[in-house]
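Remarks on the structure that follows.
The values are calculated or read from the model by the stated rules, or taken from the named source; none is laboratory data. In this text the structure is predicted, and so the values were computed from the model without any measurement. Here the Cβ positions follow ideal geometry from the backbone for every residue, glycine too, while neighbour counts run over all protein chains shown. Surface areas here come from the heavy atoms of the whole protein model, side chains and all, with no ligands, DNA or RNA. Shrake-Rupley method; radii C 1.70, N 1.55, O 1.52, S 1.80 Å.
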Amino acid sequence: MPTLQFIRRLLLHVLPGGTKRIRHYGVLPNGCKKTQLAQVRQALHQRAPNPQATESARDFMARVARVKVNACPCCQVPLKVVQSLAGQNHLPVSGQGRPTTTANGPPL
């Protein structure tokens, strides 16, 4: 495949800056997933989900491996969160907030 054709096809999948990518639609949007799934189960005459299949990781580890996830493995003292670091809510838009060239070197 020629280089220009490859780049053209690749850029068909790149969204412009500020555009929101929609990944879940139809029956599974995040805002109303529980209600939608309950209605779909009822329409398809399916039974309710197994409560063990929806338990949290902490409960699963306590039940199956008898491991306390939030305790020190050596002394079994409960751990507490001292500080949480804030993460980025979104990826930076290319070309903003970062210089395209350096003072002493080639373009980045």
Collect the residues in the stretch 18-35 that are within 30 Å of Val64 (Cβ to Cβ) and open to solvent by less than 90 Å² (accessible area, probe 1.4 Å), keeping them in residue-number order. Leu28, Lys33
Among the residues of the stretch 20-50, write down those that are under 20 Å from the mean Cα position of the chain (by Cα) and either in contact (Cβ under 8 Å) with a residue 24 or more places away in the chain or not in a helix (DSSP H, G or I) (or both). Lys20, Arg21, Ile22, Arg23, His24, Tyr25, Gly26, Val27, Leu28, Pro29
Of the listed residues (Leu10, Leu85, Leu15, Leu44), the one being at pLDDT 85 or above and surrounded by fewer than 10 Cβ atoms within 10 Å (Cβ to Cβ) is Leu44
Any residue at all in the stretch 51-68 that's at pLDDT 85 or above, part of a helix (DSSP H, G or I) and of a type in the set (S, T, N, Q)? no
